[in-house]
Amino acid sequence: MEGVAAGAAVEFKVKEKAVLAYLLTIPEVKSAVKLQRDGRTQEAKSTMRAAVACLPAEVLARAGANGGNSDTLRREERMALRRKMFLARCRQKARPVTFASRTSFKFKDLQLEYDEACDEVIDLLAELRAATLEVQELSLRLKACRRTKTPFSTLPAPEEPRARDLRQLFEWLAKTVDLSHPETLDVGFEVPIGGRSVHLHRVVQWPLTSRIAPGALKLTAPIQHQEALGQLLASTRAVGKVDSDALMHFLAGWDLIAGELTTAAHPVPEPSVLLAHRTSTQGILVATWPTKEALQVVYAAPIVPQPGERVEVEYEGQCYVGILYGVDNGMASVRCDADPPGVMTVAPLSHVRRLDGDLAQEDAELKQVLLQCSMISGAYMRRAAHA
C-alpha cells in the first residue's frame, strides 16, 4: 500500500515535475489555482499567462530539455497539423503564401501552443492537488491496516497482557510436555492458590521435561479435558504457535494464577501455576504435586477416615456429623445424622475428617442422650395408648 501511495504522487512525467516544482513557488501561480477552484477560469488563465511570461528563459529551456521524447513528438505533430490546415485554407482562398503569411502563421502557432501550455499547467496543478489528497487518504488507510494487523488488536486493551501470558504458558507447555505418558489419578483434594481454590477429583497427568526440576513438574488437568488439552498442545508443538480460537476460549472462561500451593496432603509451600475455571471448581495445575506415591502415603495415614467411621464433613460452609460410607474418585459419601434416611452427602475427601477424641466422646454422649430420649418417648406413647 505504501508503494501505491508513493506512486500516486510521482506518476507525472519528468517535464511536468520540473515545471511544477518551480511554478508552485510563484505567488501568481497559487492565485491562478485558487481562481480555477472558484470557477473563474478566464481570470485563472490570464493570471497563469502573466506568471509564465515572467519566467526566466533558462528555466523554460531547462524544463523543455528535461521533457520526454513523447512530448516533443506530440508538439511537432500538432505544429505540422496546424501548418497543413493553414496552407489548406490559403489554397482555398487562392492567395499566395508569402513570407509575411508564414511569419503570421508562426506567431499564431506559437500563441496557440502557449495557450495550451498554460491550460496544461492549470490541469496539472489540479491533478497534483487530487493526487495529494489521494496520498493522504492512502496514508490513513495504511495506518488503519497497521493497527489491525496483529491478532491481539481484536482484544480489549486490558486483555492483551493476559493473552500474551496465556500464549507463552501454552507454548512452554507444548515444548516441555510428554504426551506419550499420561497417567490417571483420583486426588480428592481442594487446591488453593493465589486466593482461588479448585477441586481435583479424577485427573489426567503428564510429566514435564523442565531444566529446573527434571521429571518433577507435572501438568494436571480434569479427566474430561484430556483429549482437548492434548490436541491443543500437540498442534501448538507442530505449528509453533497457539491456535487463536483456543486462546480466545481460555481467555473467556479461565483465569491464569501464579502462587504457592499448600494442601493438607502437601503442607510445604511450593510455587505453582493454576488455570482456574471462572464458573466451576475445575482447574489445570502445573506443580510437582500430586503424584501417585504422595497420594498413597496420604490415604494410608491414620488421619484419613475409613468407611464406617464417624466423621465430620464440611458442606456449603457448615459442618455435619455422620458415618463415612465410601470414597469414589476422591469424593466421599457421608450419611449425616441430620439427614433423613436414604439421603447421602457427597463432598471432596479433603472436606471430611475423622472425629478426634473429644469430639468423638461428645458425639457418643449426644447419641446416648438421644437414645434415652427416644426410649422415654416410646414408653410415654405406650402408656398413652393403654390409657
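The values are calculated or read from the model by the stated rules, or taken from the named source; none is laboratory data. In this text the structure is predicted, and so the values were computed from the model without any measurement. Ideal geometry is used to build each Cβ from the backbone, glycine not excepted, and the neighbour counts take in all protein chains shown.
Within the stretch 114-136, residues that are farther than 13 Å from residue 32 by Cβ and in the same structural domain as residue 31 (by TED's automatic domain parsing) have Cβ atoms under 6 Å from residues that are at pLDDT below 75 and assigned to a helix (DSSP H, G or I) in these pairs: 131/8; 131/9; 134/8; 135/5; 135/8; 135/9, counting only partners at least 6 apart in sequence or on another chain.
Residue-by-condition table, conditions (1) of a type outside the set (Asp, Glu); (2) within 26 Å of residue 349 (Cβ to Cβ):
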| site | (1), (2) |
| --- | --- |
| 180 | yes, no |
| 183 | no, yes |
| 196 | yes, yes |
| 201 | yes, yes |
| 221 | yes, yes |
| 233 | yes, no |
| 243 | no, no |
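Taking the criterion of being touching a residue at least 24 places away in the same chain (Cβ under 8 Å) and surrounded by fewer than 17 Cβ atoms within 10 Å (Cβ to Cβ), the residues of the stretch 265-290 that qualify are 278, 279, 281. Within the stretch 325-346, if we keep just the residues that are buried (at least 18 other Cβ atoms within 10 Å of the Cβ) and at pLDDT below 85, the residue that is farthest from residue 197 (Cα to Cα) turns out to be 327.
Strands (runs of 3 or more DSSP E) wholly in the stretch 172-264 with at least 3 residues that are at pLDDT below 90 and surrounded by fewer than 18 Cβ atoms within 10 Å (Cβ to Cβ) - which ones? Steps first, answer last, please.
Working: elements: 183-193, 196-207, 218-222, 254-261.
Where strands (runs of 3 or more DSSP E) fall fully within the stretch 172-264 and carry at least 3 residues being at pLDDT below 90 and surrounded by fewer than 18 Cβ atoms within 10 Å (Cβ to Cβ), they are 254-261.
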